[in-house]
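The values are calculated or read from the model by the stated rules, or taken from the named source; none is laboratory data. All values derive from a computational prediction rather than experimental measurement. Positions of Cβ are backbone-derived with ideal geometry, glycine not excepted, and every protein chain shown enters the neighbour counts. Only protein heavy atoms, including side chains, enter the accessible area calculation; ligands, DNA and RNA are left aside. Shrake-Rupley method; radii C 1.70, N 1.55, O 1.52, S 1.80 Å.
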Amino acid sequence: MSLAYLHAQDCSEPHGDAIWGVAWTETDSVLSISADGTIKQWDSNSGQVSRAQPAHTHGLVSLDVDPSGKRALYNSLEGMTCLWNLESGEIDGKFESYVRSGAEQTEPSWSVSLHPSGETYASTGGSGNVTIHSAESKSFGERRATLKSGRAKFGMFCKHSPDGKRIAMSSETGQIYIFDLASSSLVSTYTSHAMAVRSLAWSADSQLLISASEDKRLILHDVRLSPSGKPGSGAVANFSGHSSWVLCTDISPDGRLALSGSADKTIKVWDLSARAAVSTIQDTGEVWGVSWRPRPSGTNAAGAFVSGGEDGTVRWWRAAGTS
């Protein structure tokens, strides 16, 4: 099987620097964060900016959106974490994770993930652990728990499972850790990659996890296959084809397809059951962010997606034969 994806449109006002993350929300808007320090919300029909936050001093490196599409969590290069209310346009919470005060040990956040309930968020960074924080407005950023990986390796990325029961974290040396949130315990460790894992994505049923690495590969893990937590267990497929680092990934809402963006300036669409690439799209530069459109009922399963990367432009793509 092969699929054709057509370039639908570009955003109207590109960022002034590289885009480091994109998210297509349930409300059918798109968010993008950039090395220029800005976060923008886009209308997916027109490609116009609907609202934006003033530029931060440093680039924004991490982005997550709650399941309703009403709140966005983002984090800056030095560790300023903000919660943006997409209905009111106001900032509901702000936490300077790099500020050290009192007896509490803190570390600058690098990657952040909002729990599906919206009550907490997770962060990871230099310690290689995951910290759970309050996402409530009055106590935003307060530490609730620390999930320890046992390895002092830089945490590159963290992401909650859609069911809210687990969180996955990846490291600079290629390990992936799965934590159970109810018990605050490490339940699985995957050692499938040889280099840093830049991005992780869960399937909608929380059973599959795909990882994108600097070793030029994506690996699909079935988290149900590793109840003992033995290193290296759970990997069920290996996707090769990029000629440089894989920087971002996402799994389609129906669980059939995956996206990947790479430093080789291409986007690939993968059929997860066939274990093969079914589409390769040439872009203008390194691709740092990809996100599937949450599928409205009755539309083509192949759907549409957005991408962002080196040239600062958000691009919309749609499957051939769809409007």
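Once the Cβ-Cβ distance of Arg256 and Ser185 is raised to the sixth power relative to R0 = 35 Å, the FRET efficiency obtained is 0.65. Near Ser161, once Lys and Arg are set to +1 and Asp and Glu to -1 for all other residues with Cβ below 11 Å from its Cβ, the sum equals 0. Spin-label model, Lys165/Arg143: points 7 Å from Cα along the beta carbon direction are separated by 2.9 nm. Values (i) 32, 57, 11; (ii) 35, 60, 5; (iii) 21, 33, 26, 13, 5, 1, 0 are given for comparison; P(r) over Cα pairs in 20 Å bins from 0, in percent, derived from the coordinates here, is the one labelled (ii).
Taking the 1.4 Å solvent-accessible surface of the chain as the whole, the part contributed by carbon and sulfur is 47%. Heavy atoms of the protein chains alone define the surface here; on that basis the chain has 40 Å² accessible area per residue at 1.4 Å probe size.
Put simply, when 306-312, 204-210 are sorted by average Cβ atoms within 10 angstrom per residue, most first, you get 306-312, 204-210. Positive contributions from Lys and Arg (+1) and negative ones from Asp and Glu (-1), summed over other residues with Cβ under 15 Å from the Cβ of Ala4, come out at +1. If R0 equals 51 Å, the separation of the Cβ atoms of Glu96 and Ser243 corresponds to a calculated FRET efficiency of about 0.80.
If I take R0 = 45 Å and measure r between the Cβ atoms of Phe154 and Gln48 in this structure, what FRET efficiency does the formula 1/(1 + (r/R0)^6) give, to the nearest 0.05? For Phe154 and Gln48, the calculated efficiency is 0.75. Relative to the Cα centre, the charge distribution of the chain, modelled as +1 at Lys and Arg Cβ and -1 at Asp and Glu Cβ, gives a dipole magnitude of about 860 debye.
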